[in-house]
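The values are calculated or read from the model by the stated rules, or taken from the named source; none is laboratory data. None of these values were measured; they are calculated from a predicted model. As a convention, Cβ positions derive from the backbone with ideal geometry for all residues, glycine included, and neighbour counts pool all protein chains shown.
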Amino acid sequence: MDTACAEAVTLTSDLIRIDSTNTGDPDTVVGERAAAEYVAEKLTDVGYEIAYVESGGKNRHNVIARLEGADRSRGALLIHGHLDVVPADPAEWSVHPFSGAVQDDYVWGRGAVDMKDMVGMTLAIARHYKRNSIVPPRDIVFAFLADEEAGGQYGAQWLVDNRPELFEGVTEAISEVGGFSITLKDGVRAYLIETAEKGIRWMKLRVRGTAGHGSMIHNDNAVTKLSEAVARLGNHRFPLVLTDSVREFLAGVTEITGWDFPEDDIDGAVAKLGNISRMIGATLRDTANPTMLTAGYKSNVIPSVAEAAVDCRVLPGRVEAFDREIADILGPDIEREWMELPPVETTFDGALVDAMTASVLAEDPGAKTLPYMLSGGTDAKAFQKLGIRNFGFSPLRLPADLDFSALFHGVDERVPVDALKFGTRVLDRFVRSA
């Protein structure tokens, strides 16, 4: 495995150097074609037959390969990762975000944790198995996908709707964001395996008013009405809702640390978790965060239309209640448009979970595994439409002082070299036993 571990580092660095920025805007998106071609070459080089699929947009490409297992009557396992990354401004970084620099024991650059690290580890495992004629217990489908950062319209969602045969027989899947370690009381590491994720509801608000001259008195100003509505929404605090996944996570932390999580001060109690508390805290309730405002074309002209974008994340089972609450906050005069992807949730049990736990403990004896809910979203939202059971399992053993959650879409994104090698060894153990 030493060769595969070293290769995972090289592959991750190489992939970061390929700019696959996804702005969400078809006019400015770079596209995943160059990254997909790189992956395709690395797979075909060792003998894989691949499906290289352009999914309707310019330079939006996906790569899928299947490795046959010993028991083809079993359900296949899907290991998927996305090739696109969010934008990065080089002026804000201490290294260039597309340098893929390997320095100070880290691989640096946009995508280092979201998620070219997992793509690099997966590609290294896939190549290692083919080169060494290793046959896993069941079929493994490797999928390297476009457009996750904008909802998967040209990636997982398109493939599920248009090429479902590529995932024939798949019953379970792993991908981002899980399997990473947090360090709790007395130095005990817990590896968080994602069993649930909030639903995405990207909302556009639109208010119409009366256009006019900016120097005059106006009682029907679209900008004013929208600003008031956005402020109400941005300042609103949704009710505490503890889902099964969150309760199981908190119970596991209590067992390890002895810390209590009383519902009358759960935000304060979650703060004990340190840097990860931002992510865990966001799974205690729905959120609706205004992110963009658009109105007008000249400073002395009152526009007739004003718009805002709001990033809404909704807990499993809360969609109808969330909609009622939004309607009460905004009132009847605010137009609303939605782009939504559903929540994902499964249980923390079964043979696949046992295999994840065993593979982690084999490399880190004394560690624990815990389920948790991701506050963001992944391509699991698409694959659950095929009846696939989804987990976040991209294993990394991380330094206790690394603010890992801040690296996602953040400045100076990086992944420890040792964590990549650790994750490759864990994935190898997992795939051989899954």
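Brief remarks follow.
- Looking across region 240-260, just one residue is aromatic (F, W, Y) and surrounded by fewer than 16 Cβ atoms within 10 Å (Cβ to Cβ), and that is W259.
- Strands (runs of 3 or more DSSP E) fully within region 66-179 that include at least 2 residues being under 18 Å from I388 (Cα atoms) and small (G, A, S): 76-82, 170-175.
- Matching entry among G214, G268, G258, G281 (being in contact (Cβ under 8 Å) with a residue 12 or more places away in the chain and closer than 22 Å to D403 by Cβ): G281
- Residue check, E148 assigned by TED's automatic domain parsing to the domain that holds A8, touching a residue at least 24 places away in the same chain (Cβ under 8 Å) and acidic (D, E): yes
- Selection status of P416, surrounded by fewer than 18 Cβ atoms within 10 Å (Cβ to Cβ) and more than 28 Å from R285 (Cβ to Cβ): no
- Number of the exception - D220 against (1) assigned to a loop (DSSP other than H, G, I, E, B); (2) within 27 Å of A282 (Cβ to Cβ): (2)
- Any hit, region 230-245, residues being over 15 Å from C312 (Cα atoms), part of a helix (DSSP H, G or I) and not assigned by TED's automatic domain parsing to the domain that holds F391: yes
- Criterion violated by G56 - all others in (1) over 22 Å from D428 (Cβ atoms); (2) touching a Lys or Arg at 6+ places or on another chain (Cβ under 9 Å) satisfied: (2)
- In region 24-72, the residues that are under 20 Å from V85 (Cβ atoms), among the polar types (S, T, N, Q) and at pLDDT 95 or above: N62
- Qualifying residue in region 364-382 (condition: closer than 22 Å to G152 by Cβ, at pLDDT below 95 and hydroxyl-bearing (S, T, Y)): yes
- Test: residue in region 292-305 that is touching a helix residue (DSSP H, G or I) at 6+ places or on another chain (Cβ under 8 Å), part of a loop (DSSP other than H, G, I, E, B) and surrounded by fewer than 18 Cβ atoms within 10 Å (Cβ to Cβ): yes
- Among the candidates I200, I174, residue that is within 26 Å of R110 (Cα to Cα), in contact with a Leu (Cβ under 6 Å, 6 or more places away or on another chain) and either assigned by TED's automatic domain parsing to the domain that holds L67 or touching a residue at least 60 places away in the same chain (Cβ under 8 Å) (or both): I200
- Listing of strands (runs of 3 or more DSSP E) fully contained in region 329-402 that carry 3 or more residues being touching a Ser or Thr at 6+ places or on another chain (Cβ under 8 Å) and within 30 Å of N162 (Cβ to Cβ): 389-392
- Odd one out for G317 among (1) part of a loop (DSSP other than H, G, I, E, B); (2) touching a residue at least 60 places away in the same chain (Cβ under 8 Å); (3) on the phi < 0 side of the Ramachandran plot: (3)
- Every pair of residues 6+ apart whose Cβ atoms lie under 6 Å, when the first sits in region 405-419 and is farther than 20 Å from L11 by Cα while the second is β-branched (V, I, T): S405/I276; H409/V86
- Which listed residue, of A355, A367, is farther than 14 Å from I174 by Cα, surrounded by fewer than 23 Cβ atoms within 10 Å (Cβ to Cβ) and in contact with a helix residue (DSSP H, G or I) (Cβ under 8 Å, 6 or more places away or on another chain): A367
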